[in-house]
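J.: Just dropping this structure here.
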Amino acid sequence: MEGLILKRLTIEHLHQINVLYRKCFSDTIDDAFFNWKYFSTFKDETIVIGMFDEEGLIASGALLFEIIPKKGVFLKTLRCTDLMTHPDHRGKGASKKIAQALNEYISDTKLDVVYTMCSKVATKSFVKTGWKFQKEIHYYFKPRIFSLVSLYIRSKEVKYSLESISSEFICDLYKVNHSDNEFLKFIEWRYSNPKYKYEVIASKNREEFIIYTIHNSLLFIVDFEVKGSSSLISLNKVISKYNYRGIILLSTSSNLKGIKFSWCNGYTVNKINFGPLKSLLDHNAFKTAQKNETIYSYNYDDI
């Protein structure tokens, strides 16, 4: 580890972050995405730590600030994400050094919740640096064929309208149930994501809505404010019209007490370690000095 420099990254490192990301993952992303994610947030709370050698950036990791509403209280939250090391420099402790630097920031900051979402392999690395395993997250998946059957049986229940999306429209939806200005600013930033296009199915009074995006011909439910499973029937019409493969919701079972995602509604959980929906995700939360150790947010990373 001699000759390596650890420091906080700024917008001047934007392109280097993207180059590192492309080396680590089989995904091509514009610089604009990392500018939005790290350096154009609604609040100057994003912490990005990088490690350099004489050739440039070889590893990095980030803490993103979020606000999560829970029974009228808005929880100050940090999500650890994008912990990555160049393939030529793995196994040398770079990610551990970055994780330790991020942990120091966590320890010195008053927070309600700190969490990350990662694979089973990465979980072992997080545990070694002071994280505690919390619970598994499931893919709740409804195949296209089940959506078509549901639409045929319950077509009379399709009563929600499809709206064109904008950050202003989403904020208007949230204003019905939430009045915290800082939270609404967070929502506006979150849905200005340049990587994904969002759609909304909403009731006329806007008290109920489902926000989703399409990724790899799958409909991902991102957020929802609904009173029961009947609201989700409207998604079957979208699946039918555009010939998508199915519907996905990433969540823990405890997050779905008000809605029965079960066989009777056509939703299944795939626990098999292969295929497009392989394995369950592990869910890890850093135990802060706060009493609040429950995890409330189960959103798929950056979607």
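Every read-out reported here was derived from the displayed coordinates using simple, explicitly stated rules and does not represent laboratory data. Worth saying up front: this structure is predicted, and the values here are computed from it rather than measured. All Cβ positions, glycine included, derive from the backbone under ideal geometry; neighbour counts span all protein chains shown.
J.: Kindly evaluate TYR160 against the criterion of being surrounded by 15 or more Cβ atoms within 10 Å (Cβ to Cβ) and within 18 Å of GLU66 (Cα to Cα).
T.: It is false that TYR160 is surrounded by 15 or more Cβ atoms within 10 Å (Cβ to Cβ) and within 18 Å of GLU66 (Cα to Cα).
J.: Kindly provide the set of residues from the stretch 10-25 that are over 20 Å from GLY91 (Cα atoms) and outside any helix (DSSP H, G or I), ordered by number.
T.: The answer is THR10, and nothing else.
J.: Hey, another quick one. Would you check if THR81 is among the polar types (S, T, N, Q), surrounded by 15 or more Cβ atoms within 10 Å (Cβ to Cβ) and over 16 Å from GLU45 (Cα atoms)?
T.: No, not satisfied.
J.: Follow-up question, since we're still on this one. Only one of LYS92, LYS96, LYS76, LYS110 is more than 25 Å from ARG190 (Cα to Cα) and either in contact with a Lys or Arg (Cβ under 8 Å, 6 or more places away or on another chain) or among the hydroxyl-bearing types (Ser, Thr, Tyr) (or both); which?
T.: Answer to the check: LYS96.
J.: While we're here: Out of the strands (runs of 3 or more DSSP E) lying entirely within the stretch 157-237, which hold 2 or more residues that are in contact with an Asp or Glu (Cβ under 7 Å, 6 or more places away or on another chain)?
T.: 198-202, 209-215
J.: Does the stretch 105-126 hold any residues that are among the polar types (S, T, N, Q), in a helix (DSSP H, G or I) and in contact with a strand residue (DSSP E or B) (Cβ under 7 Å, 6 or more places away or on another chain), and which are they?
T.: THR123
J.: Going through the stretch 127-155 one residue at a time, which ones are part of a loop (DSSP other than H, G, I, E, B) and crowded, with 20+ Cβ neighbours inside 10 Å?
T.: TRP131
J.: Which residue, of ASP44, ASP31, ASP53, is over 19 Å from the mean Cα position of the chain (by Cα) and under 27 Å from ASP180 (Cβ atoms)?
T.: ASP44
J.: Checking LYS7 against (1) in a strand (DSSP E or B); (2) closer than 30 Å to GLU225 by Cβ; (3) charged (D, E, K, R); (4) in contact (Cβ under 8 Å) with a residue 40 or more places away in the chain, which test does it fail?
T.: Answer for LYS7: the failing condition is (2).
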